[in-house]
Amino acid sequence: MTPATSASAATTVGDAIDGGPARPGRRRRVGVMGGTFDPIHHGHLVAASEVQSSYDLDEVVFVPTGQPWQKSGREVSPAEHRYLMTVIATAANPRFWVSRVDVDRGGPTYTVDTLRDLRAAMPDVELYFITGADALAGIFGWRGHEQLFDLAHFVGCTRPGYEMDDAALAAIPSDRVAMLEIPALAISSTDCRDRQRAGQPVWYLVPDGVVQYITKHGLYPDLARHDPPTLTSTSGDR
């Protein structure tokens, strides 16, 4: 894989992760889209679809976090709600599916545990972990970071015009990481929550079915007037 130099080098870097036309007899390739998904929005779906197409992935598994350690400072919606919203959002794409591996594990969610569990469940596939370029820049602060590149390839999704710090790029194994510019990442879950709480529309920011789910279950209410929602039912993997 050629060294990653900037987001603008996405095509060159991406080709080095062996993207392009599928080869007869090659190993199955599975993208891994981890996230809090509180709520899942079109930016997540566009990123997953672009990576799937660019690297000829056979499928992409979305993995909602159980207890996201990096968001311990704020209240997060119950994992079951976030899992079900992700199922709704991905249902129309036959290459997308959702795993409960982090939701059912319990305790804080760390990427290294996610990848270990998926590797154990799918030992014969190549995993491609999809994350934001800004998160990728801090990967050496992640728990078990020394094992991550042995478990999966990493694809850092960037917004147009974004350039990753040269020092951060130089420290990352160039044969295991690629940068890919994604056209529509100007949507955030934080903004979607804030808009919902302010009574502003979130249509076209999140999938229609997710908007209906949020409304039905009273997610992201005015916290000064409403108790946070709960959900105790469980649902199996798709």
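The values are calculated or read from the model by the stated rules, or taken from the named source; none is laboratory data. As the structure is a prediction and not an experimental result, all values here were calculated from the model. Here the Cβ positions follow ideal geometry from the backbone for every residue, glycine too, while neighbour counts run over all protein chains shown.
Any idea how many residues of region 106-149 are surrounded by 15 or more Cβ atoms within 10 Å (Cβ to Cβ), under 16 Å from Gln67 (Cβ atoms) and charged (D, E, K, R)? Here the count works out to 2.
Taken together, the residues in region 1-54 that are outside any loop (DSSP other than H, G, I, E, B) and either closer than 30 Å to Leu219 by Cα or at pLDDT 50 or above (or both) amount to 20.
Restricting the first member to region 42-59 and to residues that are closer than 21 Å to Pro207 by Cβ, and the second to residues that are among the basic types (Lys, Arg), the beta-carbon pairs closer than 7 Å and six or more apart or on different chains are Gln52/Arg95; Leu57/Arg29; Glu59/Arg95. Residue pairs whose Cβ atoms lie under 9 Å apart, separated by 6 or more positions or on different chains, with the first residue in region 137-151 and within 11 Å of Ala171 (Cβ to Cβ) and without any contact (Cβ under 8 Å) to a residue 12 or more places away in the chain and the second of a type in the set (Gly, Ala, Ser) and exposed (fewer than 11 other Cβ atoms within 10 Å of the Cβ), do not occur. In region 150-170, the qualifying residues are those that are surrounded by 19 or more Cβ atoms within 10 Å (Cβ to Cβ) and not in a strand (DSSP E or B), and the one that is nearest to the chain's Cα centre (by Cα) is Ala152.
Residues in region 201-238 that are at pLDDT 95 or above, charged (D, E, K, R) and surrounded by 11 or more Cβ atoms within 10 Å (Cβ to Cβ): Asp208 only.
Please specify each residue of region 95-105 satisfying the condition of being closer than 9 Å to Gly66 by Cα and either of a type outside the set (A, V, I, L, M) or loosely packed, with under 15 Cβ neighbours inside 10 Å (or both). Across region 95-105, the qualifying residues are Arg100, Asp102, Asp104, Arg105.
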